[in-house]
Structure formats: C-alpha cells, structure tokens
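Reviewing the structure listed below.
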Amino acid sequence: MPSSERIMRVAAIHDISCFGRCALTVVIPVISAMGIQAVPVPTALLSTHTGGFDDLYFRDLTDDMVGIEDHFSRLGLEFDAVYTGFLGSERQISVVSDFLCRFGKKDCLRFIDPVMGDDGALYSTYNDRLAAGMRKLCKSADIITPNLTEACYLTGTEYEDTEKMSETDAAAFAADICLKMERLTDADIVITGINSCNGNIGCYTFTGGHGSFFSRPRVGTGYPGTGELFASVMLGKLLKQESFLDAAIGAADFTRRAVEYSLKFTSPVREGVTFEPLLGDLAYGNDRITM
C-alpha cells in the first residue's frame, strides 16, 4: 500500500555551473543522498564556475525564475525548506524575497547561504547595492551560513585575516561579528572558514543567543564548492532533526573528509572537491528502503 508519509522537499535556489563542482551540481546530489527531494530553481546557467576558467558562457535566468515560481504557486507546492545560494542581480534579490513570502511559511525552514565573496573581497559580480540586498534578505532567514568574508560585509565589519591570529582571538573576532549580526537578523548563524595561525580552520555557531566555536586541522587548499557542500549537508542534517551544533560539526567533518579524499587525485583544484564517492556516507541507516 502507498505510504501516507511524504518525502521532504527543498527548493534550491542556486546557479548551475555545468563543469566544476559547485552550486546545484553539489546541492542536488547531496540533498538527494540524504533522502530529501531537491527541487532546483536555477538563478543562472554557466558553462563553468568563475574560479579559474576563462571565456565562459553565462546566461542570466531571472525571468525564468519568475516563471518557475508562478507555476509552483499554481501547483500549490509546499516545501520543507527554501535554500538560497548565489544570486546574480538586484532583481533576483526581490524575486527570492517574493519566493520566501509565497513558500517560506510556517514549518518551512528559510536557509540562506549568502554567497558573496571570499578571502576578504566580494566576487566580481557583486556590488554594494547587491550586497545591501543580500543583507536585507538575511533578515527573513531562519539560518544563515556566511563565510568570514561574507559575515564581515553583512555587518559592515572591517575584514581581518584571522590566519595571523591565535585560535582564541579568531574565535573572539567571529563572536563579535555574530553579536553585530544579531542586530541584523533573528536567524541562527554559522560563520565558516575561520583560519588561525596554528593551522586549524573552524566554524563559529550562534543560536539562541549562545555561541560555540570548533575547529579542525586544515587540509589541502581552497576548493570551489566546499561552501555549498557544507551548507547542503548541514541543511539535510537539520531536516533530519539533528541539533544545530551537531549538524554544523557533521557538515564540517564531511567537507573535510571530501577535501582529504580529493587530494588522492591529480585533478586541478578548479574542478572542485571530489565528493561523489562519499555520498553513501550521508544516507541515514533508518531511511533504507524495504520492499
């Protein structure tokens, strides 16, 4: 007999880069491996991501996003989470804001990964107006997962290279940013990519007014797509009812393992982290199908 239960469903509003693992080519397999339906809403189509590739093909899909959203509304679709990533224009900010109003209602987790920049600088596609729009969008989030650069831009904090700091000072810097971000949004926060002078890389979580820092030894170099990998795993774990801190730690550990595994291969870093052979580790044992 058909089950009365419904598979959880996530609307994933990200770009799709055909080659180079990032955005939807990471989000869809990770969410799916965790037993959750991934429903893509592509923001842009690129032949490759923008890190390390030249002369790429790019197509803005803002008009398509509006058509997809309208059709979803006519179908009466409901989502357990709306998960946003890279947005390419100010107009897309308003489209996503409208999507959240339509679909991000009670019992829907509004999960925003504010993909804006890295290493102290905004991406070339961003400007101050778009960054201000992302700041406004974060006000409607339940959870946001900025890296350190993005957290600084969202709060108007001058970026500092924490790799020159002790781990204690790096954690304190992140804690101060979270207190500023608390005035911006009621969302729970994870700041990722917090390096320190001892060779570790950490995350600072902030939920219910309380902060917590954890770190792991840094491995390899900066691979494209690790931000989406972390955020997608964390979202899946949250939807599977793991605690906020456990979900963040689990996502960080999986991302680190994927980077370690990638070092076994000679593929260029620009091709992204080799996570596909590890997807089975994300499947939950109690979700295995019996016929």
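What follows is calculated from the coordinates using simple rules that are stated; it is not laboratory data. Quick caveat, the model's predicted, so the values are computed rather than measured. Cβ coordinates were reconstructed from backbone atoms using ideal geometry, including for glycine residues, and neighbour counts include every protein chain displayed.
Worth a mention:
- Karplus-based coupling profile of region 124-138, in residue order and whole Hz: 4, 7, 9, 9, 5, 5, 5, 5, 5, x, 5, 4, 5, 5, 5, with θ = phi - 60° in 6.51 cos²θ - 1.76 cosθ + 1.60 and x standing for Gly or Pro.
- Cα→Cβ-extended label distance, 7 Å offset, between HIS71 and LEU179, nm: 4.9 nm
- Note that region 74-84 has calculated 3J(HN,Hα) couplings of 5, 6, x, 5, 10, 10, 7, 7, 10, 10, 10 Hz, one per residue in order, obtained from phi through the Karplus relation 6.51 cos²θ - 1.76 cosθ + 1.60 (θ = phi - 60°); glycine and proline are x.
- Applying the criteria of a DSSP loop state and at most 16 other Cβ atoms within 10 Å to the trypsin sites (Lys or Arg not before Pro) of region 70-105 yields LYS105.
- Two-decimal log10 I(q)/I(0) for region 176-247, as the Debye equation yields it once each C-alpha is a single scatterer, q = 0.11, 0.26 Å⁻¹: -0.30, -1.30
- Backbone phi angles across region 188-200, fed through the Karplus curve with coefficients 6.51, -1.76 and 1.60 (θ = phi - 60°), yield HN-Hα couplings of 6, 10, 10, 9, 9, x, 9, 7, 9, 6, 8, x, 8 Hz in residue order; Gly and Pro are listed as x.
- Using 0.36 nm per residue and subtracting the Cα-Cα separation, the extra length available between ASN200 and ASP107 on full extension is 29.8 nm.
- Distance between region 163-205 and region 25-58 - C-alpha centres, whole angstrom: 27 Å
- The chain, Cα convex hull volume normalised per residue, Å³: 136 Å³
- Region 228-274 and region 117-149 have Cα centres separated by 21 Å.
- The alpha-carbon atoms of region 1-126, seen along their principal axes, cover 53, 29, 26 angstrom, with the largest extent given first.
- Those chymotrypsin sites (Phe, Trp or Tyr not before Pro) in region 1-103 that DSSP places in a loop and that have at most 13 other beta carbons within 10 Å: TYR57
- Stokes-Einstein D for region 101-213, Kirkwood Rh over Cα pairs, 37 °C, 0.692 mPa s (µm²/s): 230 µm²/s
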